[in-house]
Protein chains: 2
Amino acid sequence: MTQIRIALAQIDTCVGDLAGNARKVLDYSSQAAKAGAQLVVFPEMTLTGYPIEDLALRATFRKAAWDTANQLAGDLADQQLGGLYVMVGTVGTDHAAAKPRNRLVVLHEGRVWAGYDKHFLPNYGVFDEFRIFTPGERPVVLEVFGARIGLAICEDIWQDGGPVADLAQQGIDLLLTINGSPYEEGKTHTRLDLAAKRAAEVQAPMVYLNQVGGQDDLVFDGGSFVVDADGSLLERSPMFTEDLSYFDFDPDANHQRTSSIAPMPQADEEVYTACVLGLKDYMDKNHFTGVCLGLSGGIDSALVAAMAADACGGEGVWGISMPSMYSSDGSKDDAADLAGRLGAHYDVQPIEPMFQAFQRQLGLEGIAAENLQARIRGVIVMAYSNAKGLLALATGNKSELACGYSTIYGDAIGGYAPIKDLLKTRVWDLARWRNQAAQAGVGIGGLRIVGNERRESGRPLPQGIMIPVASIEKAPSAELRPGQKDSDSLPEYELLDRVLAAYIECAEGRADLLARGFDAVTVDTVMRLVDRAEWKRRQYPLGPKVTALAFGRDRRLPVTDAFRE
Amino acid sequence: MTQIRIALAQIDTCVGDLAGNARKVLDYSSQAAKAGAQLVVFPEMTLTGYPIEDLALRATFRKAAWDTANQLAGDLADQQLGGLYVMVGTVGTDHAAAKPRNRLVVLHEGRVWAGYDKHFLPNYGVFDEFRIFTPGERPVVLEVFGARIGLAICEDIWQDGGPVADLAQQGIDLLLTINGSPYEEGKTHTRLDLAAKRAAEVQAPMVYLNQVGGQDDLVFDGGSFVVDADGSLLERSPMFTEDLSYFDFDPDANHQRTSSIAPMPQADEEVYTACVLGLKDYMDKNHFTGVCLGLSGGIDSALVAAMAADACGGEGVWGISMPSMYSSDGSKDDAADLAGRLGAHYDVQPIEPMFQAFQRQLGLEGIAAENLQARIRGVIVMAYSNAKGLLALATGNKSELACGYSTIYGDAIGGYAPIKDLLKTRVWDLARWRNQAAQAGVGIGGLRIVGNERRESGRPLPQGIMIPVASIEKAPSAELRPGQKDSDSLPEYELLDRVLAAYIECAEGRADLLARGFDAVTVDTVMRLVDRAEWKRRQYPLGPKVTALAFGRDRRLPVTDAFRE
């Protein structure tokens, strides 16, 4: 058999944008053909975007997706690309199934040529596929230039048995999987180990093609790769950027030749870049060109502003200092210093006149008066958002959100929260890492997210550090009353974050936490704060469902542990 | 065989409150025993509450639920109730299954006696059970005093085949189902038709025991019933209230005797009561004793205030009039009139001083200035909520929420939105119905939600009408600029609501809507508004997921139809 050149088209799709996604497939296929590829692989649900959730259940959307696949097959043929095998994911329908299918189709010679339906439909964590899809029933082997290529979609390789086991029995020359696998810290190694296991199972090399880009609250990290039958790495695409790489597959060889292997970022760079990519794509896909946020001089808003500058350039960032009578001079200076370093717009809007206007009528005290300050700031940030068409950013971190240490409709306002899944200790780590990268002259240009032209920001690298050292070093404070410190209300963050990780991430109970050596007072304090905050996070009002199809639902969050063992 | 007295314990459980739910089972079982019952049936997932969503996945919670069931069996025996067969739902675990089970257990003679696991796990609409449970594998027939009682849980009877088909083959004397079936308008008849079909299938009478009460955004309407093998209605419990009724089952009789049959409310009363029960239970389960809301003089806030007064008494309602320079005198008078009729607290907080304070610094125009007014009102309502510990109510209706005709962090603030699933035309209908009921002297006391002592409000019935006629009759206006009318921005509600029903409830596409006879301009306007509002509704900031278990997710709402066919 002859060698087959396979193009790994690791692209960033947009949910619902059928025309835009199809256009991108056409572009990448054209590039791949020029580079001599015979087969081009795109990510899971390429045409529809992923995850499409309940959009799959709209018949009009499914019909439009079907029309798009046919139109695209025709367009490829019109551009003399009909000889290519173009593998794309989409939503499929057939009369035998009650629900649609998560389908891989091959576009070839102007036609939609073959279909494989995903067998294992993940229904845990961020996935709800069993809700919207019917599982596939049969394995599919594609014969391309004499080579037998077995197909699988994402979760199919994460479960034992099923289609991969069938393919192993049938015998294949290559296992090819398309994926929409969301980023999680450290997942790269898990995927490689899994791929090595499956390659051994089918006794053939395996292609793992992953989606890249942010979609709502998910970030897909790309990092597509090829392993040989013995598990050795043959190719790896870069993380966090669109990419077109090639793997020259020789069906007759015992061992395949190694292609390019992109280096891996270190841990802090990886997480930071994931956050920036998530924000950048949220802006792009929702047509925002700039952001606005409150700059308090503290570490959270400083890190978010740095991420925003990396995502859209400092000129797209509106930083608003909103000092009160309780704001220290240091905080105001740090905010101004940060904005200058980032090249961001910087406005000062003192809140005291509004605070006095409210207080003359309401005369609030205690927590209500503290919340009032945060809410006045929320109104100002939203005024910037409305007046200038900016995306309002929330600057809360995971530690304070978990404990309810924030004000609903105050500092919690915004359309996107870049650091909502970072514990406070991680926020400090990333700020230090970003400064080191800037000092080393790496800056924005060195981040992988500017790996292709779409992500090029074009602005000069910041010199020296990006985030004022004072913002990193000082004791955290909400500055809503004189001398207030976070540690008045919360355990020290070093301790708090370890308890939160065990309680939230590991779903441990009180007995488990005590067995880890945490003291009972801390454990009870944190559990009470987290359980109460569960309710505070429900900022969109609940209300009764009266009709058959009401609006979207609130899901019970997985952190309630109000019972005590 | 002897006759068996079956108690239908239609109770209101609370998710996560294992001890409270168990206490209620003990109380009702004791009452039932005194009335001579041998068997007491409780709703689906009695001990855990329903729906427990991802709480089922916490091992500590499952262990606590298991301990609760054992403790309860012991407590029943200690109170000389060990001879009763007490059927409760709970979460079960076994070593063979990866996920927990939705289980029915029988408590008898101090032990947890038998278990049936739900087979069909609904995974559509508001249900996500396949996500958290493993399906049961075998049917269970219970022998009680010689009678063969087949068991099923909720969705098991909504699907053909499965356990009911097995039971029909085995032969049973009675089919007994426990349910957590959420309210939908008109669902009573659907359930009755279904039950008649299943009773015919198993050739035996069928007991349908449903949960009652509000849980987050679901309302369970109760209305438990018994049908004979020929489908005739033998018993019906009232809707929207806890209830303990009895069915004397004679295993030897060809036809069972009819027991009490509660009357059905008419359509407007049914929907109104569902909304009040949802609000009342949300308050009770979250320990709120009062509410606050803005009273604009318009129909939406008037209806919400009336519902709140019905839920917790007028003395628990804080109505806040927040006039601006654009508020008409009529609006202010109507708000005061309403508060007086309801016996609600009534404060006037003009917003002009705050508006001027913001505008001196920000100088906003257009929509940004309109939103500023709504957000100042939001800050004031939240100040009342914080200062007095009140639940803030959002007053938006489904028509305006669907079209994005509201201000994020403004009129959309609040923890609960009693009319968020009512189209505007329905809001008017319910206001008229509530006035008629008040005029007829029915008032609060006549509503079914005060059918037991827990729901007794004790306050006198309002005399005459409750909701000022002017609020019902006048043209809707947001009063955010001079002379503004809703009809400036939206189609007339009579038309709008029909388009919304087709587009949202029936998931129709553009071609379908045109085929119904709607004009193209209206269809395109409404589709554009709804699709844009999909994004506006996401008020809690999205953010990237970085760790294995992040906070709860946003679900794609089912109304996006941004493509055009």
Under a crude label model (7 Å from the Cα following the beta-carbon direction), how far is residue A:194 from residue B:138 in nanometres? 3.4 nm
Average partner chain C-beta neighbours within 10 Å, per residue of A:351-364? 5
One decimal, nm, nearest first: from residue A:261 to the same residue in each other copy, label points 7 Å out along Cα→Cβ, the values are 7.8
Compactness check, the range A:4-253: C-alpha Rg relative to the 2.2 N^0.38 Å globular estimate gives 0.91
At a 10 angstrom cut-off on C-beta neighbours, averaged per residue, how do the peptides B:323-330, A:211-218 rank from highest to lowest? A:211-218, B:323-330
Would you please report the Å³ per residue occupied by the convex hull of the alpha carbon atoms in the range B:178-258? 84 Å³
DSSP bridge orientation in the protein assembly as shown - percent antiparallel, rounded to nearest 5: 55 percent
Per-residue Cβ counts within 10 Å, from other chains only, averaged over B:506-516: what number is that? 2
Rounded to the nearest 5, the percent of DSSP beta bridges in chain B running antiparallel is 55 percent
Cα-projected label distance for residue B:315 with residue A:261, points at 7 Å along beta-carbon direction, nm: 7.7 nm
May I ask for the angle, rounded to the nearest 10°, between helix A:520-536 and the longest principal axis of chain A, with both axes built from Cα atoms and the value confined to 0 to 90°? 70 degrees
Using the scaling law 2.2 N^0.38 Å as the reference, what is the normalised Cα Rg of the range B:393-437? 1.21
Using the Kirkwood radius over Cα pairs of the protein assembly as shown, the Stokes-Einstein translational diffusion coefficient at 25 °C and 0.890 mPa s, in µm²/s and rounded to a whole number, is 78 µm²/s
If one takes the longest principal axis of the Cα atoms in chain A, at what angle in degrees, from 0 to 90 and to the nearest 10, does the Cα axis of helix A:18-34 lie? 50 degrees
Cα long-axis angle, helix B:267-285 against chain B (0 to 90 degrees, to the nearest 10): 90 degrees
Residues residue B:474 and residue B:31, FRET efficiency given R0 of 41 Å [Cβ-Cβ distance, rounded to 0.05]: 0.25
In Å, what is the Rg of the alpha-carbon atoms in the range A:270-485, and how long is Dmax? 16.7, 55
Divide the volume of the convex hull of the Cα atoms of the range A:217-316 by its number of residues and quote the answer in cubic angstrom per residue. 128 Å³
How far is the Cα center of the range A:392-407 from the Cα center of the range B:19-82, in Å? 38 Å
Per residue of B:378-385, other chain Cβ atoms within 10 Å number on average 6
Compute, for the protein assembly as shown, the length of the dipole vector about the Cα centre, with Cβ point charges of +1 (Lys, Arg) and -1 (Asp, Glu) only. Units Debye, rounded to 20. 1000 debye
Separation between the residue A:326 and residue B:494 pseudo-spin-labels, each 7 Å from Cα along Cα→Cβ, expressed in nm? 5.4 nm
Could you please tell me the mean projected area of the C-alpha convex hull for chain B, averaged over all directions and given in square nanometres to one decimal? 28.5 nm²
What aspartates and glutamates could a cross-link reach from residue A:118, if we take a straight Cα to Cα line under 13 Å and drop same-chain neighbours fewer than 8 places away? A:44, A:129, A:137, A:155, A:156
Cβ-based charge dipole, the range B:321-404, positive-most Cα from B:391, B:330, B:348: B:391
Violations at 20 Å Cα threshold for listed pairs A:24/A:420; B:424/B:474; B:332/B:485; A:280/A:474 -> A:24/A:420; A:280/A:474
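Readers should treat all values here as calculations from the given coordinates under stated rules, not as data from a laboratory. Everything numeric in this text was worked out from a predicted model, so none of it was measured. So basically every Cβ, Gly included, is an ideal-geometry build from the backbone, and we count neighbours across all protein chains shown.
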